Amino acid sequence: MEIPTLDKFPKKVLAGIDVQRAFIVSRLIVAAERVQVFRALHGKRMKAAAIRRALKIHDFYRDTFLNSLVSLGLLHKKGNTYWNSRFAEKYFIDERSIYWTRQYSKECVQAYEALTVLEKALASGRTSASIRGVKKPRYTERMKRDRREAEDFTQMLFHFHQDDAEALAKYLNLSRHRTLLDVGGGSGVMSIALARRNPNLRACVLDLAAVCKIAAGNIRRAGLSKRIRTLAGDIRRKLPAGYDVIMFCDVGMVSRQLLQNAYASLPPRGLLVLVDRYLSEDRTQPPDRVVAQFVGSSFPQATWSEMVAAVEARGFQAVKAGRVHRDLWCITGTKPAMGFE
């Protein structure tokens, strides 16, 4: 799935955008996603008054808002009638799910709010949440409390990680392995791709109960319910035994305790797999991971070589790291036949 970055916009639009305008433009696009302009106009044309009623846009801003989207090449206009441009249909409909629209656009708004106090954060060392007096519950608590957010967040990642999952399945050879524990496996997207690639592989997605229910639906629709199951649990506790592969994918920096738990649960010659978008060696790439701390991310950040060292320190052998797809890395290590504690 191609990301609709500003470099995809028409040159005549980009030529008139500076830093300030870029901020405004990006915020307009997020607002369009939040009120679901492109979905309302999908495959049809609507008059401005009808759009106002459908999306509850106030008359004072209605025409200015719609015309701004026309100026960006996202909408077309004839008289008082609007419709999606081919660009909007491709990037905001064909390559986006409703979960992306609801969850990702909401996270964008939260990021904008966090960045309003960036200068104060830089001067004080405090988080944006503490400066603004906002109490942000942990991810696990939000998923437990709000089923809608659990679904939106999980399914957003399911659609977003399709390409990553296919790339991982091609990169990671599990033909000699039989059972996989996908720790924090979320939507099940990685387990589904790996199971399709390896017909003899059975997998288990370990995650929160609310997330497991959503993953089970994805697994069922993929026709893999007989080979992939879900297990509700806390990934920070002792991991279940009986799996010859344990994978941590997109769960942030894997702590020393998690590595210890995986080592203890794996059999001799069992395989550890870490998959994530780790920082480059100079800690300058990928940009969104570098700046994540400014917008409220609580995940510790690590370079791929730091994670390799952590895996080796725990006692895993034949540790390897490789780039899977774009900035996605895979680190593997094998538990020795005679492990040490």
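Readers should treat all values here as calculations from the given coordinates under stated rules, not as data from a laboratory. If you're wondering where the values come from, they're calculated on a predicted model, not measured in any experiment. Glycine gets a Cβ as well: all are built from the backbone with ideal geometry, and neighbour counts include every protein chain shown.
Using only alpha carbons, the chain has a radius of gyration to Kirkwood radius ratio (Rg to Rh) of 1.01. Along the stretch 234-249 the Karplus relation, 6.51 cos²θ - 1.76 cosθ + 1.60 evaluated at θ = phi - 60°, assigns HN-Hα couplings of 9, 5, 7, 8, 4, 8, x, 8, x, 10, 8, 9, 10, 10, 10, 10 Hz to successive residues, with x for each Gly and Pro. Placing dummy labels 7 Å off each Cα toward the beta-carbon, the span from Arg237 to Leu118 is 4.1 nm.
Roughly how tilted is helix 209-221, in degrees to the nearest 10 and between 0 and 90, from the longest Cα axis of the chain? Taking Cα atoms only, the helix is inclined about 80 degrees. Available extension along the chain between Ala22 and Asn200 is 59.1 nm, counting 0.36 nm per residue and deducting the alpha carbon span. Charged neighbours of Arg148, selected by a Cβ distance under 14 Å, balance to +3 (K, R count +1; D, E count -1). Of the trypsin sites (Lys or Arg not before Pro) in the stretch 37-86, the ones in a loop by DSSP (not H, G, I, E or B) with at most 13 other beta carbons within 10 Å are Lys44, Arg45, Lys56.
Each label point is 7 Å from the Cα along the Cα-to-Cβ direction; what then is the distance between the points at Arg142 and Gln257, in nm? In this crude spin-label approximation the distance works out to 2.2 nm. Neighbour counts of other Cβ atoms within 10 Å put Thr81, Thr230, Thr64, Thr303 in the fewest-to-most order Thr64, Thr81, Thr303, Thr230. Legend: distances between Cα atoms for Lys106/Lys213; Lys238/Lys320; Lys47/Lys144; pairs beyond 30 Å are Lys47/Lys144. Database remark: amide H of Ser85 closer than 5 angstrom to the amide H of Leu75, His76 (H placed geometrically; neighbours at sequence offset of 5 or more, or on other chains; Pro and chain starts carry no H).
Principal-axis analysis of the Cα atoms of the chain puts helix 147-160 at an angle of about 80° to the longest axis. For the chain, the longest principal axis of the C-alpha atoms and the axis of helix 304-313 are separated by about 20°.
For the listed peptides 258-264, 237-243, a ranking on the average number of other beta carbons within 10 Å per residue, highest first, reads 258-264, 237-243. The helix-based estimate of mean residue ellipticity at 222 nm for the chain, built from -39,500 (n - 2.57) per DSSP H run of four or more residues and divided by its residue count, is -12000 deg cm²/dmol to the nearest 500.
Here the chain carries DSSP beta bridges of which approximately 45% are antiparallel, counting only pairs with both residues inside. If you add up the charges near Asn173, with Lys and Arg at +1 and Asp and Glu at -1, over every other residue whose beta carbon is less than 13 angstrom from its beta carbon, what do you get? Result for the neighbourhood of Asn173: +4.
Along its first, second and third principal axes, ordered by size, the stretch 156-334 spans 44, 36, 30 Å in Cα coordinates. Count Lys and Arg as plus one, Asp and Glu as minus one, and take only other residues whose Cβ is under 11 Å from that of Asp63; the net charge is then +2. Here, the stretch 137-200 yields an orientationally averaged convex hull projection of 4.8 nm² when only Cα atoms define the hull. Overall, the chain carries a charge dipole of about 1180 debye about its Cα centre when +1 sits on the Cβ of Lys and Arg and -1 on the Cβ of Asp and Glu, all other atoms neutral. Database remark: amide H of Gln317 closer than 5 angstrom to the amide H of Thr334, Lys335 (H placed geometrically; neighbours at sequence offset of 5 or more, or on other chains; Pro and chain starts carry no H).
Translational diffusion coefficient of the stretch 6-94 (Stokes-Einstein, Kirkwood radius from Cα pairs, 10 °C, 1.306 mPa s): 120 µm²/s. Net charge dipole, the stretch 188-326: roughly 720 debye, given to the nearest 20, about the Cα centre with Cβ charges of +1 for Lys and Arg and -1 for Asp and Glu. The GNM of the chain, with springs linking C-alpha atoms under 10 angstrom apart, assigns the highest mean-square fluctuation among Val295, Val117, Val205 to Val117. Just name one of Ser105, Ala167, Gly133: the one whose Cα is farthest towards the positive end of the charge dipole of the chain (beta-carbon charges, Lys/Arg +1, Asp/Glu -1). Projecting each Cα onto the dipole axis, the largest value belongs to Ser105. If you build a Gaussian network model of the chain, linking Cα atoms that sit under 10 Å apart, which residue out of Ala321, Ala22, Ala195 swings the most? For the chain, modelled as a Gaussian network with Cα springs under 10 Å, the answer is Ala22. Residues whose amide H comes within less than 5 Å of that of Ile228, counting only those at least five positions distant or on another chain, are Ala203 (H built at 1.01 Å from N in the peptide plane).
Converting phi to 3J(HN,Hα) with the Karplus coefficients 6.51, -1.76 and 1.60 and the offset θ = phi - 60°, the stretch 261-277 yields 4, 5, 4, 5, 8, 6, x, x, 6, x, 10, 9, 10, 10, 10, 6, 9 Hz in sequence order, with x at every glycine or proline.
Dipole check for the stretch 6-94: with +1 at the C-beta of Lys and Arg, -1 at the C-beta of Asp and Glu, and the Cα centre as origin, the magnitude is about 300 Debye.
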